[in-house]
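Following: one structure in structure tokens, then a few remarks.
Every number in this text was worked out from the coordinates using simple rules, so none of it is lab data. Only a predicted model underlies this, so the values are computations on that prediction, with no experimental measurement involved. Every residue, glycine among them, receives a Cβ derived from its backbone with ideal geometry; neighbour counts consider all protein chains shown.
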């Protein structure tokens, strides 16, 4: 089982919506979040390695639906244009499995599920880990 700083966090923008969506309609981001909750409930192995976290806004409004994939010791990524449907969640789950299996968060391109290609918005380096946690003196 991963430790807190090795676990993967999936941040889902629950307020994402398309420009033509009516303001009172169910937001696609909320739909994606609900579908991801169900996917994790149905896959205990994935649920043990991924923590789902809703967020009101990821400020990626031009690329709804947006998510962030992060871990303290791995590269972090923001992805956009994810469809709030079963195929989108299946693709995201496959990417999360591959990401969780890496020590550094860099999933080789040939291992990317087809549905994530072209959806990356940004990449950020891992958080600095205090010397006491990483064994350095």
Item checked: Nearest 10 degrees, 0 to 90: helix 86-100 Cα axis against the chain principal axis -> 10
Next item on the list: Would you mind putting 78-87, 62-71 in packing order, based on average other-beta-carbon counts within 10 Å, highest first?
Entry: 62-71, 78-87
Notebook entry, point to check: Rounded to two decimals, what is Rg over Rh for the stretch 33-125 when you use alpha-carbon atoms and the Kirkwood radius?
Noted result: 0.92
Check: Could you state the number of Å between the C-alpha centres of the stretch 99-118 and the stretch 1-55?
Finding: 18
Next item on the list: Give me the angle, in degrees from 0 to 90, between the Cα long axis of helix 28-42 and the longest principal axis of the Cα atoms of the chain, rounded to the nearest 10.
Entry: 50
Next item on the list: Can you tell me how much longer the chain between residue 47 and residue 111 gets when fully stretched, taken as 0.36 nm per residue apart minus their C-alpha distance, in nm with one decimal?
Entry: 21.0 nm
Next item on the list: Rounded to the nearest 500, what is the 222 nm mean residue ellipticity of the chain from helices alone, with -39500 (n - 2.57) per DSSP H run of 4+ residues and division by all residues?
Entry: -8500 deg cm²/dmol
